[in-house]
1. Given the pairs Lys56/Lys191; Lys61/Lys196; Lys191/Lys213; Lys154/Lys196, which are separated by over 27 angstrom at their Cα positions?
2. Rg(Cα) of region 67-155 divided by 2.2 N^0.38 Å?
3. Work out from phi, with θ = phi - 60° and the Karplus expression 6.51 cos²θ - 1.76 cosθ + 1.60, the ³J(HN,Hα) of each residue of region 72-83, listed in order in whole Hz, and give x for Gly and Pro.
4. Ratio of alpha-carbon Rg to the 2.2 N^0.38 Å globular estimate for region 133-244, to two decimals, please.
Amino acid sequence: MPFDEEIKTTREVARFGSQFLKTSEKFGSYLARVFGSIPEDVLGLAVGDWLHHKRKENLAKLQTRTASLLDQIDRSRFTEPSPSILLPLVKAAIDESRDELQLIWATLLAATMIDSGALVRRSYIMTLQQMEPVDVLLMSILGWINSNYETIRKQIEPEVDRKFPNELSDSRNEFRKTLFKRVVRKKFHIKKSDDKELVISGFRLVSLECVDKRSVNYNDVGFGAWLTPYGEGLIKACDPKTIIG
């Protein structure tokens, strides 16, 4: 973007933010004005008919989803988004039409507009651009396991004790692992046929520095891999429940 256009956009975003805080304006209206202040050529909207139409459509969905999230957040948490994050984020998001990823982009955008964007790193934008829906699914699985590991253990341990009373063995550990997988499969509706794709995603997420490579193997990538601190931060910034609070 030319420097003068960037300065103009920055001023417009700041002005809209100041006005928003002084009124009872809805987030949807605020986002419409912010998006409208960004030159079309910056977002790649001034191109061929089909691509122009799809990006316009995706931008409208992004606006609606983001506003829906922000409307559930305490208004006092709103802060003006930094154009250095807002512009590349919106530009990347409007190329995505897959539903699972659109929600992720909307949540990340909402996160830039609350609490001074404290949860958002610019590198998250480049990382998300390289993800497929199954990668997001695996990230969600690993994040859920990380948050609920002890609860799951308490849930399955009585059954382990009944089958292997007073016994410490590899068989007991394997049975515990089987029950653990069953809980995760039920929670996320994972079929056996999905395992290969999860393995591919596991190694892909290692390359994106979201999963610790020491934890990945071909048998348990969807159930036993570990998120890196970077991966945990990305999951947190893209989790609607975390954003809404």
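1. Exceeds cut-off: Lys56/Lys191; Lys61/Lys196; Lys154/Lys196.
2. 1.23
3. My calculation for region 72-83 gives 9, 9, 4, 4, 5, 7, 5, 9, 5, x, 6, x Hz in order.
4. The value comes to 1.12.
No lab work stands behind these numbers, since they all come straight from the coordinates. As the structure is a computational prediction, the values presented were derived from the model and not from experiment.
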